[in-house]
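Worksheet: the structure to be examined is printed underneath.
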Amino acid sequence: MTARQNRSMMTSLPAVATMLLALILIVLAVLRWRDNGWGALVWLIVFIAMCAIRTPHSLRNRANLVIEARKDTTEIVLLAAMFVTMMVLPLLQLATGLFAFADYPLPEWVTWIGALAQIPFLWLFWRSHADLGRNWSPGLEVREDHALVTNGIYGHIRHPMYAAIWVSALAQPLLIHNWIAGVLVVPAFAAMWFIRVPNEEAMMRTRFGDAWDAYCTHAGRLLPRRAP
């Protein structure tokens, strides 16, 4: 398959279906906002902001010509698990109350922790997309003219977008007090982190060689690395 035939996964039918489903659930959740606690409302607002950050990059990067893509069963399962636990289940709960039987109580101060955590999450999420530019993709893909980004936030940590999602995943159970809609995202993202990131870094090492290894010596995975 040539580079011009191998288009980004963002042009696929599942991606379009995902956006349509999310839009429907968001509308229903907004209509039901009075039935949800204020923490869940914060989650919904931040989710909409997250979509607003990512959508322009998704639309622009649809034109990327992909020269390598790893879309095996493991990758598909990991992405599906994140889609379900980070989007579908919470939106279903906020839109319909379907999982109300799995609710649990939390003190208000705990919900405040989850709400305040959205500030670093949104900043990291926005900064990661801004610094990656055309090099961002939702899947394990290498585009034509792919560049190794080491500036901005990437000058300090290698995976700021994953760091942002860690913050979001850990805060979700504090905002949506539900074992299904709130908690399940934590093991789902943990699986993605421990399984996918090594594959992603191996792909970067194959693509950039010594430049990648040199980059890893001064940029930590999730936290800035202390200078020698």
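The values are calculated or read from the model by the stated rules, or taken from the named source; none is laboratory data. These figures come from a predicted structure and were not determined experimentally. Quick reminder, even Gly has a Cβ in these numbers, built from the backbone with ideal geometry, and neighbours come from all protein chains shown. Heavy atoms of the whole protein, side chains included, go into the accessibility calculation; ligands, DNA and RNA do not. Shrake-Rupley method; radii C 1.70, N 1.55, O 1.52, S 1.80 Å.
Which ranges mark the helices (runs of 4 or more DSSP H) fully within the range 93-211 that have 2 or more residues being within 17 Å of Leu44 (Cα to Cα), open to solvent by 10 Å² or more (accessible area, probe 1.4 Å) and of a type outside the set (D, E, K, R)? Write out each step before concluding.
Working: elements: 108-116, 118-132, 160-175, 185-208.
Here the list reads 108-116, 118-132, 160-175.
Kindly indicate whether Ala69 is modelled with pLDDT of 85 or more and hydrophobic (A, V, I, L, M, F, W, C). No: the conditions fail for Ala69.
Here is a check on your reading of the model: is Ala147 under 30 Å from Ala102 (Cα atoms) and among the hydrophobic types (A, V, I, L, M, F, W, C)? Taking the combined requirement at face value, the residue does not satisfy it. Across the range 39-62, the number of residues qualifying as of a type in the set (A, V, I, L, M), in contact (Cβ under 8 Å) with a residue 40 or more places away in the chain and open to solvent by 20 Å² or more (accessible area, probe 1.4 Å) comes to 4.
With respect to being free of Cβ contacts under 8 Å to residues at least 24 places away in the same chain and hydrophobic (A, V, I, L, M, F, W, C), Phe208 falls outside the description. Within the range 217-228, residues that are farther than 16 Å from Asn151 by Cβ and loosely packed, with under 13 Cβ neighbours inside 10 Å have Cβ atoms under 8 Å from residues that are at pLDDT below 80 and among the small types (Gly, Ala, Ser) in no pair, counting only partners at least 6 apart in sequence or on another chain. For the range 217-224, the count of residues that are in a helix (DSSP H, G or I) and among the small types (Gly, Ala, Ser) is zero. Per the listing Pro138, Pro160, Pro173, the residue uniquely farther than 26 Å from Pro56 by Cα, touching a helix residue (DSSP H, G or I) at 6+ places or on another chain (Cβ under 7 Å) and touching a residue at least 12 places away in the same chain (Cβ under 8 Å) is Pro173. Only one of the numbered conditions (1) of a type outside the set (D, E, K, R); (2) within 25 Å of Ala191 (Cβ to Cβ); (3) part of a helix (DSSP H, G or I) is not met by Ala52, and that is (2).
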